[in-house]
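**Student:** One structure follows; several queries about it will come next.
Read the figures in this text as sums done on the coordinates, not as results from a lab. Not measured: the values here are computed from a predicted model. Neighbour counts are summed over all protein chains in view; Cβ atoms, including those assigned to glycine, are modelled from backbone coordinates with ideal geometry.
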Amino acid sequence: MKDVLLTILRDRQSSTAEFRRASDQLAALVCAEALAKLPHSTVTVTTPLAPAEGLKPAGSVMFVPIIRAGLALLPAFLFAVPDAPVALVGMQRDEVTAQPGLYYQKFPADLPDRAIILDPMLATGGSSLLVVDLLQGIGYTPGNIYHAGVLASGEGLQRLSAGIPEANITVVAVDPGLDGRKFIFPGLGDYGDRYFGT
Ligand code: PRP
């Protein structure tokens, strides 16, 4: 299913509506995969017939979408964890240098145990790594920081894995490289432009 949805996202013929619908469906699958990586504890519940063991998330989590494309993933995560705080980070990659420029950040006063960075595209990895730095600056250890996205370049995945455990990273696919503009290649174009119809 994930592969079929990714094909719709990659197809340059997909309309804004088709891209959005595939992205929203894929976000729910990415969300389930990313949340399963958080620690869980075993609990016993009483079913109508007898006690049974089950799993329950251990600890609290906040979501950190990177504006703009990261906002496309946020509704799926909030649907799954409706009381999770959201820390917004505004970042725009420079079109020439591909360096991320931070223009906004807002974190909750009471910080949850873990943070999941939301950004569908991990190209050079610079944007996500800058958020990792921000999170470490407010007290998070690398092991408590997660990344949830759609596409990564091999290079971006490698760079981010130097900042947080690779096991904490969820993506649907890894593409071989980056093009001259530091876009994921072959990739799917500009996720933000395609999702928001700009
Ligand atoms: C794109 C993308 C990621 C970032 C990835 O955002 O959505 O946030 O670049 O690149 P990196 O891994 O090399 O840092 P962009 O800055 O173009 O803004 P947008 O989300 O508004 O499209």
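**Student:** Name, by its number, the condition in (1) surrounded by 13 or more Cβ atoms within 10 Å (Cβ to Cβ); (2) more than 17 Å from the chain's Cα centre (by Cα); (3) touching a residue at least 12 places away in the same chain (Cβ under 8 Å); (4) not in a loop (DSSP other than H, G, I, E, B) that does not hold for Glu18.
**Tutor:** Glu18 satisfies every listed condition except (3).
**Student:** Now a separate question. Mind counting the residues in the stretch 96-110 that are in a strand (DSSP E or B) and within 13 Å of the ligand (Cβ to nearest atom)?
**Tutor:** First pass over the stretch 96-110, keeping only residues in a strand (DSSP E or B): 100-106.
From what's left, within 13 Å of the ligand (Cβ to nearest atom): 100-104.
Residues flagged as in a strand (DSSP E or B) and within 13 Å of the ligand (Cβ to nearest atom) within the stretch 96-110 amount to 5.
**Student:** Has the stretch 158-166 got any residue that is on the phi > 0 side of the Ramachandran plot and crowded, with 18+ Cβ neighbours inside 10 Å?
**Tutor:** For the stretch 158-166, residues on the phi > 0 side of the Ramachandran plot and crowded, with 18+ Cβ neighbours inside 10 Å: absent.
**Student:** I'd like to check something: does the stretch 54-66 contain any residue that is under 30 Å from Thr124 (Cα atoms), in contact with a Phe, Trp or Tyr (Cβ under 7 Å, 6 or more places away or on another chain) and buried (at least 17 other Cβ atoms within 10 Å of the Cβ)?
**Tutor:** yes
**Student:** Check every one of the strands (runs of 3 or more DSSP E) wholly within the stretch 26-95 and list those with 1 or more residues that are more than 16 Å from the ligand (Cβ to nearest atom). Even if it seems obvious, please write down each step before you answer.
**Tutor:** Working: elements: 40-46, 51-57, 61-67, 88-93.
Because the criterion is at least 1 residues that are more than 16 Å from the ligand (Cβ to nearest atom), the strands (runs of 3 or more DSSP E) in the stretch 26-95 that meet it are 40-46, 51-57, 61-67.
**Student:** Please return the ranges of strands (runs of 3 or more DSSP E) entirely within the stretch 111-198 where 3 or more residues are within 14 Å of the ligand (Cβ to nearest atom). Let's see the steps before the verdict.
**Tutor:** Values: elements: 114-118, 145-148, 151-153, 173-175.
Because the criterion is at least 3 residues that are within 14 Å of the ligand (Cβ to nearest atom), the strands (runs of 3 or more DSSP E) in the stretch 111-198 that meet it are 151-153.
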